[in-house]
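This report refers to the structure that appears directly beneath it.
The values are calculated or read from the model by the stated rules, or taken from the named source; none is laboratory data. Please read these numbers as outputs of a predicted model, since none were measured by experiment. Here the Cβ is made from the backbone with ideal geometry for all residues, glycine too, and neighbour counts use every protein chain on show. Keep in mind that these areas ignore ligands, DNA and RNA; they rest on the heavy atoms of the full protein, side chains included. Shrake-Rupley method; radii C 1.70, N 1.55, O 1.52, S 1.80 Å.
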Amino acid sequence: MSTFNAFFLQVLTRFLCRRNLIIFGILLIVSLIAVLSSISSHEATVAKEKEFLKMEAANFKNLLNYLDYSKSGINIFLYPSSANVLFSNPVVMSELVAHIDTVVTVNIHSNCQGSVLFQQNSYFRMRLSTVLLILASLLTIFIAYESLRELEYLKFLASASSEKAVYLSILLSRFLLVILSFLSILFFALCIMSIKGIYLNKSDFVGVQGFLTGAVVMLMFFFLLGTAIGKIRSQGIGIVVLLAVWIVLVLLMPGVFDSIIEGKANNITSYYKVYNDKLTVVNNFERQASERGLIYGKTSMDVLRIEVKRYLNNVYKAIEAIEEKYKEEIRQVIKFSNQLYNLLPSTFYLSTANEASSRGYRNFDDFYSYLQELRRQFVEFWMDRVYFNDPKVMVNFVKKDENVFKAKSQLPFYFAQGVLINLGYSIILFFLSFFLYKRALFPAPKKAKVLKDLGFNIAPGMFTEIKVYKEIFIAYFLNAFFGHIKRFSCEFILWGENIVTRLKKDFRYIPRKESIPGDISVKSFLKLFKRLLEPTEEAFQKLTAGLDKTLLKKTFADIEPFDKAMLLLIVAQMKKSPVLIIDNIADGIPEEGLVKIREIIQNLRYYDDITIFNFSNELTFLVDDPDSWQSLRYENGKYFDLYRKQNGK
């Protein structure tokens, strides 16, 4: 855990750079504008509900008799959850009033009947959840893209820890910061809602939790996808691929899925046919009653009451059966749409947001069932008042708020299936990106035998300077110490034993000064390696005692090459390792600085018995006792051999 903490602190300081803070500020502002827009819509809905209740009460007072009541019926208002302020709700349930009467009508307006329910299902409206999908997914994939591109710095970290620890710690740290940023935006949105007097209900927590799960799964997918794409060597090609994949997944595929769903919904029986089928059942009953001479006001009330019971037990059930069949057709398309949306993290996220809004397909299904039950109660009430009570006394069916359906946040059908499918994608991307990360970090030679017959007899205190002609040679050389020896036949003899094995060796690698990212602060750099290498506090204070205090407040982009070299050598001295591999430490250092570097290297050799390899483009003579060190160049007969091996000959 201490290793993760060490990485997290440095990732945090880099994450909180000016660029990221500006981007986060823009995202926050756009998100809050979306919330304020949604709050205005919700407040208008609340006002409409109050107006609706007043108008319905006034309309009842204008009724003359129960015949008028039968024709006018009652209207039902769908009151959405306050969660709809946060979440996407495209056109589903946008008409908030439904109508029922005592005959056959269950009218939820044209846009919520049959196939029309699934038309023009555009998700891109100004809702917080939509803004987060478009902007947060794009930012997440870019943040992940640049996570593991600094290969030499990653090798530096891996030599002090391990490649697995570096991979897991950096990715987990960055992903946690992405999630915290996402949650902070939701927190600010909830604060604005509370200021406006809008609060989530307990009944909404299931849908909200489902949305949060969908959001985490979606962001995890795009994060790991960005990590995998980030291993494309060419930055230009990588960004083009990244944008293309994002456009397809976020902007194109939701529309493709909606077109598929709309096509399937066209097979739903038309509402006109359903209405006529129900009307035919009623007309047949009325015709049969007329043929038997049953007329209200002329036939005895006892006979009519028997007929009313027959209507409720037989005819009305036939009408309900027609409606149930119709509702089941719609439900099957809803389930199909949820299963289809589960196939991609972007559409799965949109599906959870839509249902969390309380205006999704699940609430349509519940609303329709509520209307059916309410109409049965209304029909029974109407029959009771007309045939079993005094019909001259007008009594309102609506006693409290029966004509208001309070929607709530829900989960889509097959929610668990969607979570598992998209987690499966993330697991695949996790291992793929790790494979690509290791392949980029430790490139295997293309030829079967690299550096054949070239060996290094390593002894304590030996200094070897290697003039580099091919940069890839350094990577191959390091592979042996990291334990990645695929197609590698060079020998490293340490105290009489070949150490070229698949196990990582105890060594320290100091990369080029330029490989340290410029946005890393000196203070966080030292803190990270202090935690990783765990020197004693006394030793750490001794190593850093000579540093200028103002240096600690700077980043690597702001300091001189000599200061960078000294910081790297401080890391080299934090923990004793038998072998120290240095890459171009002296490049760009003035002569007075080289004196100090030579002093440190001499101390490492003579007092700590550390074997040192120094890679350089030009021989630097960092030690002044040529009898105790070797240089792979022409004079000692090894230069030609090394040159030939570096060129793959």
Practice problem: Would you give the gap between the C-alpha center of the stretch 29-69 and the C-alpha center of the stretch 174-223, rounded to a whole Å? | Solution: 28 Å
Practice problem: Sort the stretch 297-402 into rounded, prolate or oblate with this rule: let a ≥ b ≥ c be the square roots of the eigenvalues of the Cα gyration tensor; rounded if a/c is under 1.5, and if a/c is not under 1.5, prolate when a/b is larger than b/c, oblate otherwise. | Solution: oblate
Quiz item: How high is the FRET efficiency from E591 to L36, r the C-beta distance, R0 45 Å, rounded to 0.05?
Solution: 0.10
Quiz item: How would V216, V404 rank on accessible area, largest to smallest, probe 1.4 Å?
Solution: V216, V404
Quiz item: When only DSSP loop residues count, what trypsin sites (Lys or Arg not before Pro) in the stretch 293-331 have their Cβ near at most 10 other Cβ atoms within 10 Å?
Solution: K298
Exercise. Could you tell me the largest-minus-smallest coordinate of the C-alpha atoms of the stretch 121-245 on each of the three principal axes, in descending order and whole angstroms?
Key: 54, 33, 23
Quiz item: Mind listing which chymotrypsin sites (Phe, Trp or Tyr not before Pro) in the stretch 362-392 are in a DSSP loop and have 15 or fewer other Cβ atoms within 10 Å?
Solution: F388
Quiz item: Just for the Cα atoms in the stretch 142-184, what are the lengths along the principal axes, largest first, rounded to whole Å?
Solution: 35, 18, 10
Quiz prompt | Accessible-area ranking of H484, H42, largest first, probe 1.4 Å | solution = H484, H42
Exercise. Please work out the FRET efficiency for the pair N283 and S369, using the Cβ-Cβ distance as r and a Förster radius of 22 Å; give the result to the nearest 0.05.
Key: 0.25
Practice problem: Could you pull out every residue, at least 5 positions away or on a different chain, whose amide H is within less than 5 Å of the one on L78? Hs are placed 1.01 Å off N in the peptide plane, and Pro or chain starts have none. | Solution: V97, A98, F405
Quiz item: T501: accessible area at probe 1.4 Å, nearest 10 Å²?
Solution: 50 Å²
Quiz item: Rounded to the nearest whole Å³, what is the per residue volume of the convex hull around the Cα atoms of the stretch 228-285?
Solution: 78 Å³
Quiz item: So how exposed is M566, as accessible area in Å² (1.4 Å probe, rounded to 10)?
Solution: 30 Å²
Quiz item: Rounded if a/c is under 1.5, else prolate if a/b beats b/c, else oblate: with a ≥ b ≥ c from the C-alpha gyration tensor eigenvalues square-rooted, which is the stretch 250-350?
Solution: prolate
Practice problem: Taking all protein chains together and a probe of 1.4 Å, list K264, K50 from the most accessible to the least accessible. | Solution: K50, K264
Quiz item: Each residue of the stretch 70-78 in order: what ³J(HN,Hα) in whole Hz does its phi give by Karplus 6.51 cos²θ - 1.76 cosθ + 1.60, θ = phi - 60°, with x for Gly and Pro?
Solution: 5, 6, 6, x, 10, 9, 10, 9, 8
Exercise. Please turn the phi angles of the stretch 33-45 into ³J(HN,Hα) values with the Karplus equation 6.51 cos²θ - 1.76 cosθ + 1.60 (θ = phi - 60°), one per residue in order, whole Hz, x for glycine and proline.
Key: 4, 4, 5, 4, 4, 5, 4, 4, 5, 5, 4, 5, 5
Exercise. Note down the nm distance, to one decimal, between modelled labels 7 Å out along Cα→Cβ at L67 and at N201.
Key: 4.0 nm
Quiz item: What figure in square angstrom, to the nearest 10, would you give for the accessible area of T611 with a 1.4 Å probe?
Solution: 0 Å²
Quiz item: Among residues other than G207 whose Cβ falls under 15 Å from its Cβ, what is the net charge (Lys/Arg +1, Asp/Glu -1)?
Solution: +2
Exercise. Return, ordered by residue number, the residues of the stretch 62-89 whose backbone nitrogen is under 19 Å from a label point located 7 Å along Cα→Cβ of E43.
Key: 80-87
Quiz item: Using 0.36 nm per residue, how much length does the chain from A444 to S162 gain when fully extended, once their Cα-Cα distance is taken away?
Solution: 99.7 nm
